[in-house]
1. Pop a pseudo-label 7 angstrom from the Cα along the beta-carbon direction at both GLU12 and VAL145 and give the gap in nm to one decimal.
2. Counting only helical runs of four or more DSSP H residues, what would the 222 nm mean residue ellipticity of the chain come to if each run contributes -39,500 (n - 2.57) and the total is spread over all its residues?
3. For ASP134, ASP11, give the ranking by accessible area with the largest first, probe 1.4 Å.
4. Filter LYS28/LYS57; LYS8/LYS105; LYS22/LYS92; LYS92/LYS162 down to the pairs with a C-alpha to C-alpha distance above 26 Å, please.
5. If we count GluC sites (Glu not before Pro) as exposed when they sit in a DSSP loop and have at most 13 other beta carbons within 10 Å, what is the longest stretch of the chain that avoids them all?
6. Once you sort the root eigenvalues of the Cα gyration tensor of the chain as a ≥ b ≥ c, which label holds: rounded (a/c under 1.5), prolate (a/b larger than b/c) or oblate (the other case)?
7. Using unit Cβ charges (K, R positive; D, E negative) and no other charged atoms, how large, in debye to the nearest 20, is the dipole of the chain about its Cα centre?
8. For THR127, what is the net charge nearby, where nearby means another residue's Cβ is under 13 Å from its Cβ and Lys, Arg count +1, Asp, Glu -1?
Amino acid sequence: LAERMRPKTLDEIIGHEELLGKNKVLRKLIESDQVSSMILQGPPATGKTSIASIISKHTNAEFITLNAVSLSISDLREMLNKAKDNLKFYRKRTIVFIDEIHAMKSNTQMALLQGVETGTIILIGATTESVTHDLIPPLISRCKVYVLQPLTAKHIKTIIQKALQDSLQGLGSRRIAINA
């Protein structure tokens, strides 16, 4: 259900108005396809992956999704070489979304740093952990950190109500109601 109800547009995201509301900085960057390297930091289920998914739909760049837990340096080098070729031969940028970026070993982060520094890739990292504790300072210094706050009870209620009303992707056809 969570995957089926994942927001597909910026207007469908619940919460984070300070970043994604009308005329807010992150929204403007996404809508203009001008995102730069960033880290999305916040508790689980705050929308980090949803924001990355929406960016993937708003960009003309190649969009690659990786998971830090299973990422090896050789996988990273292969991706960086492909990104270099895309930029050199096709003038196409590459955005790399790395979920659980805090799980990357520091030597893997160093390999990633070169691609971010040279502009070969635009990095979007997602983490539930402290950026300053789990990521190397040179990588942090080259990324804008966006902190996502926990969703409020009102936000969660809105999300549940949408899921219960949506007949196509949610549970609307089952006519379930809850009292809140």
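The values are calculated or read from the model by the stated rules, or taken from the named source; none is laboratory data. Only a predicted model underlies this, so the values are computations on that prediction, with no experimental measurement involved. Every residue, glycine among them, receives a Cβ derived from its backbone with ideal geometry; neighbour counts consider all protein chains shown. Just the protein is used for accessible areas: all its heavy atoms, side chains included, with ligands, DNA and RNA removed. Shrake-Rupley method; radii C 1.70, N 1.55, O 1.52, S 1.80 Å.
1. Result: 3.1 nm between the two label points.
2. Value at 222 nm, helices only: -12000 deg cm²/dmol.
3. The ordering from most to least exposed comes out as ASP11, ASP134.
4. Check vs 26 Å cut-off fails for LYS8/LYS105; LYS22/LYS92; LYS92/LYS162.
5. 4-128
6. Because a/c hits 1.5 or more and a/b exceeds b/c, the chain counts as prolate.
7. 460
8. Counting the neighbours of THR127, the net charge comes to -3.
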